[in-house]
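The values are calculated or read from the model by the stated rules, or taken from the named source; none is laboratory data. None of the values given here were measured: they were computed from a predicted structure. Note: ideal-geometry Cβ built from the backbone for every residue, glycine included; neighbour counts use all protein chains shown. Ligands, DNA and RNA are stripped out before the accessible areas are found, and what is left, the full protein with its side chains, is counted by its heavy atoms. Shrake-Rupley method; radii C 1.70, N 1.55, O 1.52, S 1.80 Å.
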Amino acid sequence: MPEVKKETGTFAVKKGLAEMLKGGVIMDVVTPEQAKIAEDAGAAAVMALERVPSDIRAQGGVARMSDPEMISGIQQAVSIPVMAKARIGHIVEARVLEALEIDFIDESEVLTPADDVHHILKSEFNVPFVCGARNLGEALRRVGEGAAMIRTKGEAGTGDVVEAVRHIRQVNKDIQRVVGASPMELMTIAKEFGAPYELILQVKELGRLPVVNFAAGGIATPADAALMMVLGCDGVFVGSGIFKSNNPAKRAKAIVEAVAHYRDAKLVAEVSKGLGEAMRGQSVAQMEDKDKIAGRGW
Amino acid sequence: MKIGILALQGAVREHRSLLRYMGVETVDVLNPQDLHGISGLILPGGESTTVGKLLVRYGLLEPVAEAGRAGLPIFGTCTGLILLSKHINGSAQPRLGLMDTCVERNAFGRQLASFEADIPVPALGEAPFHTVFIRAPYIEQAGEGVTVLLRLEDKILFAREGNLLAAAFHPELTSDTRVHEYFLRMVATAQTSR
């Protein structure tokens, strides 16, 4: 056998992991015990963080990358991929997470941004990144910086799915506009969306985003999760929705099943029975703009 | 000829597009009744613990294992390779247990160790195959009935046992159709011998 040259950290390898997560649920966890519950429920990956978004919302203060010791504990507890969040633009938090051999970094608006102008140049890292977006332009700017996966932002920590729906609807609408446009219109659309022209061309060719797109922010029930799949998301992130409900193990399992069988309403009905109370949540319509976090990111 | 793709979780779309590009009809397998009328089954990459649990919960594990024992050609990539194996080191997760193999999960390490490489695979012809490994497993040991199609540094990465085919890499993430062609030849042979 001749010498084989292995290439690591390539975009294909980063994007490949996101492809493997499709049709899956990624759950926020704050302890190794919660990570284990998530894995047992069938989560495709876990997101290790110190406080779930609803607590960050309630407690205020600056939200930062989690304690590396906590992250390592979670990595040891489960065999599924472990993700963790870095602040927007915080290059060093991201390098620290990479040094911990995290499987995916979420450059997340849920944490307090470290840079109010720039995002991390993610193509310089060997570890893949996922970033939030509210529309196609924002998604493609992140992909242009090297993100291997996108999640629509929603409004984290509210348990209200309306913003997640608004954002995937907007992404879909923007994609339809690109697909339906004549080649001559594409540069103007790129300018209007603030998106790299080459990536607009890719969207035109593929008819979808060039990377996997999950839903996030406000998903609290199996029906919410299935709704996001019906709207065209490749999978879902569930943050506060699971461990802020009163039967996390059962709800986690139900959400996993609803995502795998999202077209099967009978099954979604079945798994939704007797889950106990969902997270209490707060209605986004009654929130002031300054309390919304989806606006973070540029 | 219709090929089923287990569609519980993972890289379903990629297998589907590659097969359709090759002119093959596909069907998503989500429930036991979806197994009727298929000539072969693909188990795509995903998270093996997730897929294993969903196979059990929806009563698919036993029907799929039974079909495999009865001679249905099954091709597993990555997670599919794990599910096909009799032995999984350090894991009690649900499996089909059809191949006389012993696998190591996440065997190359975490995502940072995921890689791509051009590797010659004699069974696929002269040109090297562009392999993509994502948090990949490998076969540590294989019984006598297993034909090793690719071995790298003592790790078995591609193997066949009768009607079963297993790859630790992801041919569906490339546009090279040779692994799928190999599987379709197995399917064609199984059909003529019936």
Test of understanding: among B:L60, B:L112, B:L72, B:L84, which residue is over 15 Å from the mean Cα position of the chain (by Cα), open to solvent by less than 20 Å² (accessible area, probe 1.4 Å) and not hydroxyl-bearing (S, T, Y)? B:L60
Looking across segment A:10-19 at residues that are facing chain B (nearest Cβ under 7 Å) and open to solvent by less than 40 Å² (accessible area, probe 1.4 Å), the single one that is farthest from the chain's Cα centre (by Cα) is A:T10
Output for segment A:184-215, where each listed residue is within 20 Å of A:C131 (Cα to Cα), more than 20 Å from the chain's Cα centre (by Cα) and of a type outside the set (A, V, I, L, M): A:F193, A:G194, A:P196, A:Y197, A:E198, A:Q202
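Could you please let me know if A:H119 is modelled with pLDDT of 95 or more and either under 14 Å from the mean Cα position of the chain (by Cα) or open to solvent by 40 Å² or more (accessible area, probe 1.4 Å) (or both)?
It is false that A:H119 is modelled with pLDDT of 95 or more and either under 14 Å from the mean Cα position of the chain (by Cα) or open to solvent by 40 Å² or more (accessible area, probe 1.4 Å) (or both).
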Go through A:E7, A:E93, A:E69 for me and flag whichever is open to solvent by 10 Å² or more (accessible area, probe 1.4 Å), without any contact (Cβ under 8 Å) to a residue 12 or more places away in the chain and more than 14 Å from chain B (Cβ to nearest Cβ). A:E69
For B:L150, indicate whether it is part of a strand (DSSP E or B), touching a residue at least 12 places away in the same chain (Cβ under 8 Å), away from chain A (no Cβ under 13 Å) and hydrophobic (A, V, I, L, M, F, W, C). no
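Does B:R16 satisfy being modelled with pLDDT under 95 and buried (at least 18 other Cβ atoms within 10 Å of the Cβ)? It would help to see each step written out before you state the result.
On the way: modelled with pLDDT under 95: no; buried (at least 18 other Cβ atoms within 10 Å of the Cβ): yes.
Taking the combined requirement at face value, the residue does not satisfy it.
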Sort out for me the helices (runs of 4 or more DSSP H) sitting completely within segment B:1-86 that have 3 or more residues that are in contact with a Leu (Cβ under 8 Å, 6 or more places away or on another chain), free of Cβ contacts under 8 Å to residues at least 24 places away in the same chain and within 12 Å of chain A (Cβ to nearest Cβ). none
Residue selected from segment B:118-166 under the condition open to solvent by 10 Å² or more (accessible area, probe 1.4 Å), out of contact with any strand residue (DSSP E or B) (no Cβ under 7 Å at 6 or more places or on another chain) and small (G, A, S), by the criterion nearest to B:G90 (Cα to Cα): B:G162
Considering only residues of segment A:20-62 that are under 27 Å from A:Y262 (Cβ atoms), open to solvent by 10 Å² or more (accessible area, probe 1.4 Å) and of a type in the set (G, A, S), which is nearest to the chain's Cα centre (by Cα)? A:G23
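Without any contact (Cβ under 8 Å) to a residue 24 or more places away in the chain and acidic (D, E): which single residue out of A:E124, A:E107, A:E145, A:E138 fits that description? Spell out how you get there, then give the answer.
Working: A:E107 fails: without any contact (Cβ under 8 Å) to a residue 24 or more places away in the chain; A:E145 fails: without any contact (Cβ under 8 Å) to a residue 24 or more places away in the chain; A:E138 fails: without any contact (Cβ under 8 Å) to a residue 24 or more places away in the chain.
Going through A:E124, A:E107, A:E145, A:E138 in turn, just one is without any contact (Cβ under 8 Å) to a residue 24 or more places away in the chain and acidic (D, E): A:E124.
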Name the single residue that is nearest to the other protein chains (Cβ to nearest Cβ) among those in segment B:87-124 being within 30 Å of B:R185 (Cα to Cα) and in a helix (DSSP H, G or I). B:P122
For segment A:174-188, which residues satisfy the criterion of being free of Cβ contacts under 8 Å to residues at least 24 places away in the same chain, aliphatic (A, V, I, L, M) and open to solvent by less than 100 Å² (accessible area, probe 1.4 Å)? A:A181, A:L186
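Can you tell me which residue within segment A:143-162, out of those that are of a type in the set (D, E, K, R) and surrounded by fewer than 24 Cβ atoms within 10 Å (Cβ to Cβ), is farthest from A:V212 (Cα to Cα)?
Residues of segment A:143-162 that are of a type in the set (D, E, K, R), as a first pass: A:145, A:151, A:153, A:155, A:160.
Still in the running and surrounded by fewer than 24 Cβ atoms within 10 Å (Cβ to Cβ): A:145, A:160.
Numbers: A:E145: 15, A:D160: 23 Å.
Only one residue fits best here, namely A:D160.
Every residue, every condition in (1) in a strand (DSSP E or B); (2) free of Cβ contacts under 8 Å to residues at least 24 places away in the same chain, yes or no:
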position: B:A127; (1), (2): no, yes
position: B:R135; (1), (2): no, no
position: B:Q141; (1), (2): yes, no
position: B:I156; (1), (2): yes, no
position: B:L165; (1), (2): yes, no
position: B:V187; (1), (2): no, no
position: B:A190; (1), (2): no, no
